[in-house]
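The values are calculated or read from the model by the stated rules, or taken from the named source; none is laboratory data. Everything quoted here is computed from the prediction, not taken from an experiment. Heads up, the Cβs are rebuilt from the backbone with ideal geometry, glycines too, and the neighbour counts pull from every protein chain shown. What goes into the accessible areas is simple: the full protein's heavy atoms, side chains included, and nothing from ligands, DNA or RNA. Shrake-Rupley method; radii C 1.70, N 1.55, O 1.52, S 1.80 Å.
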Amino acid sequence: MTDGVNRRDFLSAAAGLGAACLLGAGVAHADSSSGSSGFGSSSGSADFGSLCDYSAAVPPAQAIRAAGYLGAIRYVSGRLPVDRWMKAKPITATEARALRRAGLTIVSCYQYAKNDWLGGYRAGVHHARLGAAKHRAAGGPAHAPIYASIDANPSLEQFITKIGPYLRGWQSVIGPARTGVYGNASTITWAAAGGFAAWYWQHDWGTPKGLVHPLAHLHQLPGEKRVAGIGVDRNIICQPNYGRW
């Protein structure tokens, strides 16, 4: 496993995958005015239900179920000292047991700071070790993936120099088969082209309007929802296997 990115091979693979995604989305042209993803809008995805994610506080498991969610995407990361309002980081074993007893599934994700990826490969290794430990402490199985957060609208150059190496760091700790990425449509395309991740959770910052990436396992919708008075995000399940435990 290397921490570098072969620029020529990567760009060639990314261009090819962009064209394949364009065909997979079933559209005739790319929406070049909305971003640089290389493919256009999708008409939607199959309905496999939805999950919620939250960081401010932990809603009761039964309230999550009553709201119609099939489970929760939960942080296996701590919180910055300045983010004292994020009382739901990280997931605990007690919370995980409550979710499972309510018949809900769990997906693990990692985000300590907004730009964790700026540290490149070394940061990826460090965060993967922390995330894997918190995942295990909460009862997460050794085979379940962890989605590493790219909570940004990065440029291709940022992906090549920082994000790709960051994800390589994750892969060196938990393995390629368990490494997931939370990112916009371009980030998903680039991650898939370079073999940097196997699981994809899409957000819409910098994603062409209306697009659901053909490779996305999960899709976070804009706009806050409420469960037991607590703000949550709604995430559509795009594929039947999305890394749940």
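Here are some notes:
- Rounded, prolate or oblate (a/c below 1.5 giving rounded, otherwise prolate when a/b exceeds b/c) for region 140-234 by Cα gyration tensor: oblate
- Rounded, prolate or oblate (a/c below 1.5 giving rounded, otherwise prolate when a/b exceeds b/c) for region 103-142 by Cα gyration tensor: prolate
- Note, ³J(HN,Hα) from phi for region 114-121, Karplus 6.51, -1.76, 1.60, rounded to Hz, x at Gly and Pro: 5, 10, 3, 5, 4, x, x, 4
- For region 196-202, 3J(HN,Hα) per residue [Karplus equation, 6.51 cos²θ - 1.76 cosθ + 1.60, θ = phi - 60°, Hz, x = Gly/Pro]: 8, 7, 10, 10, 9, 10, 8
- Per-residue ³J(HN,Hα) for region 167-172, Karplus 6.51 cos²θ - 1.76 cosθ + 1.60, θ = phi - 60°, Hz, x for Gly and Pro: 5, 4, x, 4, 4, 5
- Positive-pole candidate from 174, 164, 205, dipole of region 101-217, charges at beta carbon: 174
- With a cut-off of 11 Å between beta carbons, the residues surrounding residue 80 carry a summed charge of +2, where Lys and Arg count +1 and Asp and Glu -1.
- Solvent-accessible area, 1.4 Å probe, carbon plus sulfur percent, for region 90-245: 53
- Looking at region 94-222, the accessible area is 35 square angstrom per residue; that uses a 1.4 Å probe and ignores ligands, DNA and RNA.
- For residue 227, the residues 5 or more places off, or on other chains, whose built amide H falls under 5 Å of its own are 232.
- Neighbour net charge for residue 220 - beta-carbon separation under 13 angstrom, K R +1, D E -1: -3
- Once backbone amide H atoms are built at 1.01 Å from N, residue 50 has 70, 237 as its partners under 5 Å, excluding neighbours fewer than 5 places away on the same chain.
- Sparse-neighbourhood loop sites, trypsin sites (Lys or Arg not before Pro) in region 46-123 - DSSP loop, at most 10 other Cβ within 10 angstrom: 84
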